[in-house]
Structures are given as C-alpha cells and as structure tokens.
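To start, the structure itself, in structure tokens.
The values are calculated or read from the model by the stated rules, or taken from the named source; none is laboratory data. Fair warning: this is a prediction, and the values are worked out from it, not measured in the lab. Cβ sites come from the backbone with ideal geometry, for glycine too, and all protein chains shown count toward neighbours. To get the accessible areas, we keep the full protein, side chains included, count just its heavy atoms, and leave off ligands, DNA and RNA. Shrake-Rupley method; radii C 1.70, N 1.55, O 1.52, S 1.80 Å.
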Amino acid sequence: QEVTVAELPDGRLILMARAEGDVCWSRDGGRTWSKPVTFGMRMFAPSLTVLRDGTLVCLHGSYAPGNGGLRVIFSRDGGRHWVAPAKDHGFLVDSAYGYGKPMELPDGSLFITYLATGGHRSEDARSNGIRCIRMRIRSDYSGIDLLPAPNRPPR
C-alpha cells in the first residue's frame, strides 16, 4: 500500500511501502526487486526523496503511540540504515495529519506540503487545509531543523 519509489545516486531504485516501512531495491530499472526488508517503523504515506548530496529522505505519517504526526527519517547508505530519534518514529516535522510531499530547494532545505487533518467523512474535509513547512537535515546528520518560509520578509 502507498508505495513510493526513488532513484539512488548509483542508479538503483528503492521502493518503500506502508504499513511497516518495507523496503526493496532494484538494480534493473524495476524489472526485478529484492525481497522486502522490514525495519519495523509503522508509517503511512511514505514519500522518498534523494537530495543532491545523496541523502535519502523519507517523509511519512507515524502510527507510533504518542508520537504521531508528520515525521521524517533519512539514510546516508541508500536505505539500509535510517537515522531517527527512536526505533518506532521519525523526527517530528508537524503534529498535523501528514500525507506530505517534499521538494529540495536550491539551498538544500526541503519545502514540504501536507494535509492538516485526516479522516474520511465530509466533516473532515470541511475542516481540512493544506500546510507548508520548510526544514533542513543538520550538516552532522544528527536531526532536523525547522526553518522560516523562503522569501519571508525580515522582522
């Protein structure tokens, strides 16, 4: 469910799916795939992006009790190992619902759009909104920093 695919710097494809963050790789353009590897982080709506420096970023919604919201994990080795604050959840981007999509900006930060609320009823749609946020992975890869929006007037 909710599969996302990205091309790694070495040309391999990586695929990640809901609900356990299962990951597989392809060396032949997606014709064949490795067996899925589960690292046990329950998530919804994963979205993979590869930054210009080769860092693989996964923006996702979290099922972790007490640690929900829109979260992010990242990998420096093509998805074999992930940097996260805990085994069951990523770094908090926003406590909102999620289903986000990131885009790398020229300065290396990520501009992310996402849904404010979730649900499948008409009432949920009436109160929903689209949010945007900007973040950067720290240069020492120890976590993330939330940033002001681009082109925001100085205070």
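Counting just the residues of segment 46-68 that are of a type in the set (G, A, S) and modelled with pLDDT of 95 or more, which one comes out nearest to A116 (Cα to Cα)? Break it down stepwise before answering.
Within segment 46-68, the first condition is being of a type in the set (G, A, S), and the residues that meet it are 47, 54, 61-62, 64, 66, 68.
Cutting the leftovers down to modelled with pLDDT of 95 or more gives us 47, 54.
Working: S47: 17, G54: 29 Å.
Only one residue tops the list, namely S47.
Could we say that Y99 is in contact with a Lys or Arg (Cβ under 9 Å, 6 or more places away or on another chain) and among the hydroxyl-bearing types (S, T, Y) here?
no
Restricting attention to segment 129-155, which residues are assigned to a loop (DSSP other than H, G, I, E, B) and either closer than 27 Å to S75 by Cβ or at pLDDT 85 or above (or both)?
G129, R138, S139, D140, Y141, S142, G143, P148, A149, P150
So, in segment 106-127, exactly how many residues are part of a strand (DSSP E or B) and either open to solvent by less than 30 Å² (accessible area, probe 1.4 Å) or touching a Phe, Trp or Tyr at 6+ places or on another chain (Cβ under 6 Å) (or both)?
Total satisfying the criteria: 4.
Can you find a residue in segment 17-33 that is hydroxyl-bearing (S, T, Y) and surrounded by fewer than 16 Cβ atoms within 10 Å (Cβ to Cβ)? Explain how you work it out, then say what you get.
Residues of segment 17-33 that are hydroxyl-bearing (S, T, Y), as a first pass: 26, 32.
From what's left, surrounded by fewer than 16 Cβ atoms within 10 Å (Cβ to Cβ): 32.
Within segment 17-33 (the criterion being hydroxyl-bearing (S, T, Y) and surrounded by fewer than 16 Cβ atoms within 10 Å (Cβ to Cβ)), the answer is yes, since at least one residue qualifies.
Out of G40, G69, G79, which single residue is of a type in the set (G, A, S) and closer than 23 Å to G129 by Cβ? I'd like the intermediate steps shown before the answer.
Working: G40 fails: closer than 23 Å to G129 by Cβ; G79 fails: closer than 23 Å to G129 by Cβ.
One residue alone meets the criteria, G69.
Check whether at least one residue in segment 2-10 is closer than 26 Å to G119 by Cβ, crowded, with 18+ Cβ neighbours inside 10 Å and in contact with a Cys (Cβ under 6 Å, 6 or more places away or on another chain), and report yes or no.
Quick first cut of segment 2-10, residues closer than 26 Å to G119 by Cβ only: 2-4.
Add one more test, that the residue is crowded, with 18+ Cβ neighbours inside 10 Å, and what stays is 4.
Adding the requirement that they be in contact with a Cys (Cβ under 6 Å, 6 or more places away or on another chain) leaves none.
No, every residue in segment 2-10 fails to be closer than 26 Å to G119 by Cβ, crowded, with 18+ Cβ neighbours inside 10 Å and in contact with a Cys (Cβ under 6 Å, 6 or more places away or on another chain).
Select from segment 34-52 the residues that are outside any loop (DSSP other than H, G, I, E, B), open to solvent by 30 Å² or more (accessible area, probe 1.4 Å) and closer than 24 Å to E104 by Cβ and list them in ascending order.
V50
Within segment 1-22, which residues are acidic (D, E), outside any strand (DSSP E or B) and modelled with pLDDT of 95 or more?
D10
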